[in-house]
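The values are calculated or read from the model by the stated rules, or taken from the named source; none is laboratory data. Here the structure is a predicted model, which is why all the values come from computation and not from measurement. Here the Cβ is made from the backbone with ideal geometry for all residues, glycine too, and neighbour counts use every protein chain on show. Side chains are part of the model used for accessible areas, which takes the heavy atoms of the whole protein and leaves out ligands, DNA and RNA. Shrake-Rupley method; radii C 1.70, N 1.55, O 1.52, S 1.80 Å.
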Amino acid sequence: MKILKILALSALTVLHSEAAIEEGAKPKEWPADPGHHVVKVERIFKTEAESALITAAENLAPNEKELLASAQKQDESAKPVAKQWWYQEVNSVKIPFALTADAVIYYTELVNDFGKQKLHRYSAPASRFHYEAQVAKHKTFEVDGKTFTNVSVVTLSTSFSEKFVTTVTEGIEFTKKRVVIFDAAGKVLHTSGDGETEVPIMTI
């Protein structure tokens, strides 16, 4: 019997990379350009039951104590917030602890708003948000050292990037995945992937 394995990795690390600005270069005005700010949201399902599982996975709250502990690493005074899915901000962008429906709405609105902005930057500002949710049934499924049988697995995954939108000389990007396992009755058995997120920062 084939066993599918998924490794869920998370990290607090913020990685920096740098590129040089040509001597004498000055910021120029870039007009609002929705074409450089792309949102793609896909929820893939075949039945209403699968759609309901995706909705349940997106509405599942992360562990409040774990999220708060991560938030307090960044700000000791951090307090719980209703329906919170992020644990810190980098360049004024919320960074996900968990992928939820509210996170999808946030990044969709953020990137769409970026496309309406006129900015002075050295290079063309751009951003993108890609999100996909899908469902698969498994006779045997292994994750986080645990094995589950006869389950439905919802996988939520995203990638986000912004270049020279929130600041003149920086850009950030990250990927995130959440895996939620349901039994035949639709009960949540396990959630994988919630946690701190690695956020590379590019600087010119």
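By how many nm would the segment from ASP144 to ASP183 lengthen if fully extended, with 0.36 nm per residue of separation less the alpha-carbon distance?
Between ASP144 and ASP183, full extension yields 12.3 nm more.
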*Within-11-Å neighbourhood charge of GLU132 [Cβ basis; K, R +1; D, E -1]*: +2
*Relative to a virtual label point 7 Å from the Cα of LYS28 in the Cα→beta-carbon direction, which members of segment 111-129 show backbone nitrogen distances below 12 Å?*
121-125
*So what's the angle, to the nearest 10 degrees on a 0 to 90 scale, between helix 101-114 and the longest Cα principal axis of the chain?*
20 degrees
_Order by protection proxy (mean Cβ within 10 Å, highest first), peptides 118-131, 52-65_ = 118-131, 52-65
*Which percent of the accessible area of segment 103-146 is formed by carbon and sulfur heavy atoms (probe 1.4 angstrom)?*
47 percent
*asked:* How big is the dipole moment of segment 71-167 about its Cα centre under a simple scheme where the beta carbon of each Lys and Arg is +1, that of each Asp and Glu is -1, and everything else is neutral? Debye, nearest 20, please.
replied: 180 debye
_When each of LYS65/LYS94; LYS146/LYS187; LYS40/LYS83; LYS116/LYS176 is checked by Cα-Cα distance, pairs over 21 Å_ = LYS40/LYS83; LYS116/LYS176
*Based on the Cα coordinates of segment 16-130, what is the per residue volume of their convex hull in Å³?*
152 Å³
*Sticking with the crude label model, points 7 Å out along Cα→Cβ, report the distance from ALA52 to GLN72 in nm, one decimal please.*
3.9 nm
*For segment 94-203, with equal point scatterers placed on the C-alpha atoms only and solvent neglected, what are the log10 I(q)/I(0) values from the Debye formula at q = 0.09 1/Å, to two decimals?*
-0.32
